[in-house]
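For reference, the structure is listed below as structure tokens.
Only the coordinates and a few stated rules stand behind these numbers; no lab work does. Values in this document were obtained by computation on a predicted structure and should not be read as measured data. FYI the Cβ positions are ideal-geometry reconstructions off the backbone, even for glycines, and counts take in every protein chain you see.
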Ligand code: PLP
């Protein structure tokens, strides 16, 4: 094939297994929170690569640090450690409750490691009967078989049975149901501090506190899935810091690499002891390039002024959305924390979030959905005020088109 072949959107349907249904246009470059497609049309990016591109597109520091690392050493495998990963591990331990970390490549892998850790810790320290996992309806933890089983959306697991057993689900934020479900047979409880894919639904503080207490009472491991909420997304480095509830294991991915795939679990010495040499692993985990990306992201995102700015941008966006809502009466709720914001559509527009997001793209603004009824914003954490204002203006134009069509 000619080297200068320019792919077209139809190639997706022709050559790719159709697990996704991407937008009709193909983005080719970006800068900050502006994306340009093949035709030269520009979009304000409120998607952020699904809460991943913490520093936006083509961030100079990220580009130059990655290029420098590429010129030094790219990959070694786990027979050797490397400087970037050791620096990253130290930083994550210093910034959080963690004493030990494990690196992998995605959010699902991080949760997979967390759940395996919990099963093995319980087996080694208690008994084979202590194997139950409590998870929550509407949760999303990834697409491996274990993580779709823990996730609370049966549509993602029902066709892949037999599924891993001993996983129970209760309603998110239902304290009594959760407390009753946690027993001496529970080895782990896994929960998102804010359900992201499930509709941008923040946990109540009392709920997380109750889970913490019940886990302590029954010697169960409390896992916070911070794949979507972590790395500054909520205006704190991790959402558990907002809540003042400390987990035993925390999974992180997405924004950690700023677009370079990386995942990790953070835990304490006590629980890390379950995963001994050879008990779990991955070829790429802790790769020097991924660690360099994460070191760059953390060096910027961990700064207090940067995190405060995330909170200010939350205000700017939610205020803009509320004003729009006063004019158009389309959302029944605008919620979330930091730069993870969900707008739930009113009854009349139910099920139309995807249709609205398509109209947004036509109007030059990229937005996410979180289920059929929620429009979600998860932009780069360094999105500028100008980009926000331009994006909101285009979003309102899209709302007008959408409402007129209804
Ligand atoms: N956990 C949460 C809370 C997520 O939002 C996601 C992805 O959306 C995952 C896990 C899975 O992460 P990944 O797609 O990197 O495997």
Full-extension gain in nm, residue 145 to residue 176, via 0.36 nm per residue minus C-alpha separation = 8.3 nm
For the stretch 275-297 versus the stretch 142-161, the gap between their alpha-carbon centres in whole angstrom = 25
Near-label residues of the stretch 339-358 by backbone N, under 14 Å of a point 7 Å along Cα→Cβ of residue 23 | 354-358
In whole angstrom, the spacing between the Cα centers of the stretch 221-235 and the stretch 1-50 equals 29
May I ask you to derive the FRET efficiency for residue 397 and residue 312 from their Cβ-Cβ distance with R0 = 22 Å, giving the value to the nearest 0.05?
-> 0.35
In nm, to one decimal, how far is the modelled label at residue 268 from the one at residue 303, with both set 7 Å along Cα→Cβ?
-> 3.4
Computed Rg/Rh for the stretch 1-43 (Cα atoms; Rh = Kirkwood radius) stands at 1.02
For the residue pair residue 185 and residue 80, what label-to-label distance in nm results when each label sits 7 Å from Cα along the Cα-to-beta-carbon direction?
-> 4.9
If one compares the long axis through the Cα atoms of helix 304-328 with the longest principal axis of the Cα atoms of the chain, the angle in degrees, nearest 10, works out at 50
Stretchable slack from residue 99 to residue 209, in nm (0.36 nm times residue separation minus alpha-carbon distance) | 37.4 nm
Semi-axes in Å, largest first, for the stretch 73-301 (Cα gyration tensor, √(5λ)) are 27, 19, 17
Report the calculated FRET efficiency for residue 67 and residue 155 (r = Cβ-Cβ distance, R0 = 45 Å), to the nearest 0.05.
-> 0.65
Using alpha-carbon coordinates, inclination of helix 205-217 to the longest axis of the chain, degrees | 20
In a GNM of the chain with a 10 Å cut-off on Cα contacts, which of 148, 52, 227 has the highest mean-square fluctuation?
-> 148
Relative to the longest principal Cα axis of the chain, at what angle does helix 288-301 sit, 0 to 90 degrees, rounded to 10?
-> 70
Mind computing the radius of gyration and Dmax over the alpha-carbon atoms of the chain? Å is fine for both.
-> 21.3, 65
Asserting the computed 222 nm helical MRE of the chain (DSSP H runs at least 4 long, -39500 (n - 2.57) per run, divided by residue count, to nearest 500) equals -12000 deg cm²/dmol
